[in-house]
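Following: one structure in structure tokens, then a few remarks.
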Amino acid sequence: GVAVNPSDTLTLTPSVSGTYELIAINSVDSISQTLNLNVVQPGEPLLTEFLANNIDGITDEDGDPEDWIQITNPSAVETVINGNYFLTDDPGNLTKWALPNGTIAPGASIIVWASGKDTPAVNLHANFSLKEEGEYLALTKLEGGTTTILTELNDYPKQFRDISYGVLADLQTFT
């Protein structure tokens, strides 16, 4: 622990993802808060937004209002995708659908249609769709035989018609 005067602030910059516990104690009481913190490495993408009940929103190349998943590169380094990033709705199959080779520029995003059409090379259609009532959703990376979960929603809450779910710019969850 680090002592902080009542009028002071303490800024910490974690370098690894993990669970952190913040504890504040004074002469009267104490309070603690547990945070699960995902530290983004330079060039690593994040699953930042999705829409699981698209009725009147954007449409794919066929004119279908398919569900979609947004993947963002929040860093200042280009994301290089070489068959090593995956999306899944199945916690038992973390490499269910491979993102095709390509790049995501710093600060840019891509949309993957969660349509079940499975056309990765043409307009990025995943081989699964999203459930309105909520389910598992993750972006993973396979490297050296090890699969790492980069972003995980286990299980995301019930979704509503034409309302997306995601994270704010500072990566706090919002609806």
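Would you mind getting the Kirkwood hydrodynamic radius of the stretch 68-116 from its Cα pairs, rounded to one decimal in Å?
Values: mean 1/r = 0.0863 Å⁻¹.
In the stretch 68-116 this quantity evaluates to 11.6 Å.
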Along the charge dipole of the chain, Cβ charges K/R +1 and D/E -1, which of N84, S17, I58 sits furthest on the positive end? S17
Extending each Cα 7 Å along its Cβ direction at N26 and Y136, get the distance between those two points in nm, one decimal. 4.4
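For the chain, compute the number of Lys pairs whose alpha carbons are separated by less than 21 Å, excluding pairs fewer than 8 positions apart on the same chain. Can you show the working numbers first?
Details: K96/K117; K96/K131; K96/K141; K117/K131; K131/K158.
Pairs that pass both the separation and distance tests number 5.
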Length-normalised contact order of the chain in % [C-alpha pairs under 8 Å, at least 6 apart]: 19
For the stretch 1-121, what is the Kirkwood hydrodynamic radius in Å, using each pair of distinct C-alpha atoms? 17.8
Given a 10 angstrom Cα cut-off, can you work out which residue in Q159, Q41, Q33 is the most mobile in a GNM of the chain? Q33
Of I149, I81, I58, which has the largest mean-square fluctuation in a 10 Å C-alpha GNM of the chain? I58
With +1 on each Lys and Arg Cβ and -1 on each Asp and Glu Cβ, and nothing else charged, work out how big the dipole of the chain is about its Cα centre, in Debye to the nearest 20. 420
Report the equivalent ellipsoid semi-axes for the stretch 72-175 in whole Å, largest first, defined as the square roots of five times the eigenvalues of the gyration tensor built from alpha carbon atoms. 21, 17, 15
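Values quoted throughout were computed directly from the atomic coordinates according to the rules given, and no laboratory measurement underlies them. Predicted model, so just to flag it, every value in this text is computed and none were measured. Reconstructed Cβ throughout: ideal geometry from the backbone, glycine too, with neighbour counts over all protein chains shown.
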